[in-house]
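See structure below.
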């Protein structure tokens, strides 16, 4: 399973010496005959230099490759950071025989630390020379920071293939526009630029925005979608069966990467799925779901194996969404813990142990209904553990 499962892509990853750990830290992904590219980027006002560069180049069209480093985020680095992003992508593009605007950039690591340009530039010839259709695995390893394992996925529908990889285990919040999360998705379908942007917005953006680890939106969040067109055939456009095939494959890959990101969240022992229904709108439902998933009290209750419905009640009430408290119901698993805005006697008398068992599952499902409206959403979160605090207290790369 890799980002090069789709035909027409090559990738590679190497150790350039940019991280003190000595782990792989520089990756390159290239579409040999790039048809189109689309991107989703962080909304953080301090967007990193590679985010600003890639956002501009994706909008202009023609992008077909990306250079990714781990170790330094190249955020909070001012004009020198912009220059480093320009220099590194220009050098990589020259080695590949591409125009500089065809090369995108992503960085992940310590904010405020400049790119280690000497090591990066010295490693580029070897990196470019090792590109291959089998290089997806090494690319996925090179983009990791505190991840414990690579996140990779693939799917096939009809004649089309979709592959992907992602990194990110902390500083993740549903505001994609994203988090310390990088995701790279490829397809060999012949998708024009405008249609690829629509697929990214309709399929991938809602998917990745539904993940929150710690409520912190990073400076470097990026999701890139490339189409090589290597599968040939008619153009993939809305309202056709090829469109449905590609959409389904993208959805499968996005879902797999999302679940892998949640499962590998820093120090997490539980994945928490918050499902909200009955809101006045999807945005209102999202406010409630995010409030529950991001609540430190809910997170620590899940970590401790304590169902504690009062914490869910508090989170829903502080969400800022519009609803009548007397219409709120909530469940942990199959156990109703809030009924009509109250913690019911039946729960206190007989449901506590069943709810306690449900909250100890690896995946904890919290369902909340706030009325009879059409708004429904899901947000994926995690618990908050001692290890999360330890990892982030000690993190430097």
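The values are calculated or read from the model by the stated rules, or taken from the named source; none is laboratory data. These figures come from a predicted structure and were not determined experimentally. Neighbour counts run over all protein chains shown; Cβ positions are idealised from the backbone, glycine included.
Please verify whether residue 108 is farther than 28 Å from residue 260 by Cβ, surrounded by 19 or more Cβ atoms within 10 Å (Cβ to Cβ) and in contact (Cβ under 8 Å) with a residue 24 or more places away in the chain, treating the condition exactly as stated. When the stated conditions are applied, residue 108 does not pass them. Of the helices (runs of 4 or more DSSP H) that lie entirely inside the stretch 67-184, those containing 3 or more residues that are modelled with pLDDT of 95 or more and under 21 Å from the mean Cα position of the chain (by Cα) span 136-142.
Of all residues in the stretch 63-91, exactly one satisfies the criterion of being touching a helix residue (DSSP H, G or I) at 6+ places or on another chain (Cβ under 6 Å) and free of Cβ contacts under 8 Å to residues at least 24 places away in the same chain, namely 90. So for the stretch 304-323 (the condition being modelled with pLDDT under 95, in contact with a strand residue (DSSP E or B) (Cβ under 8 Å, 6 or more places away or on another chain) and within 29 Å of residue 147 (Cβ to Cβ)), does at least one residue qualify? Within the stretch 304-323 (the criterion being modelled with pLDDT under 95, in contact with a strand residue (DSSP E or B) (Cβ under 8 Å, 6 or more places away or on another chain) and within 29 Å of residue 147 (Cβ to Cβ)), the answer is no, since none of the residues qualifies.
Consider the stretch 22-32 and keep the residues that are assigned to a loop (DSSP other than H, G, I, E, B) and more than 21 Å from the chain's Cα centre (by Cα). The one that is farthest from residue 59 (Cα to Cα) is 22. Per the conditions (1) over 28 Å from residue 191 (Cβ atoms); (2) out of contact with any strand residue (DSSP E or B) (no Cβ under 6 Å at 6 or more places or on another chain), the sole criterion not satisfied by residue 70 is (2). Of the helices (runs of 4 or more DSSP H) contained entirely in the stretch 283-396, those carrying at least 2 residues that are crowded, with 16+ Cβ neighbours inside 10 Å and touching a helix residue (DSSP H, G or I) at 6+ places or on another chain (Cβ under 9 Å) fall at 296-303, 309-317, 352-359.
Here is a check on your reading of the model: is residue 258 in contact with a helix residue (DSSP H, G or I) (Cβ under 8 Å, 6 or more places away or on another chain), in a strand (DSSP E or B) and within 30 Å of residue 45 (Cβ to Cβ)? Against the criterion (in contact with a helix residue (DSSP H, G or I) (Cβ under 8 Å, 6 or more places away or on another chain), in a strand (DSSP E or B) and within 30 Å of residue 45 (Cβ to Cβ)), residue 258 does not qualify. In a residue-by-residue description of the stretch 201-220, the property of being at pLDDT 95 or above and part of a loop (DSSP other than H, G, I, E, B) applies to no position. Exactly one residue out of 35, 60, 52 is within 20 Å of the chain's Cα centre (by Cα), over 18 Å from residue 183 (Cβ atoms) and either surrounded by fewer than 24 Cβ atoms within 10 Å (Cβ to Cβ) or in contact (Cβ under 8 Å) with a residue 12 or more places away in the chain (or both), and it is 52.
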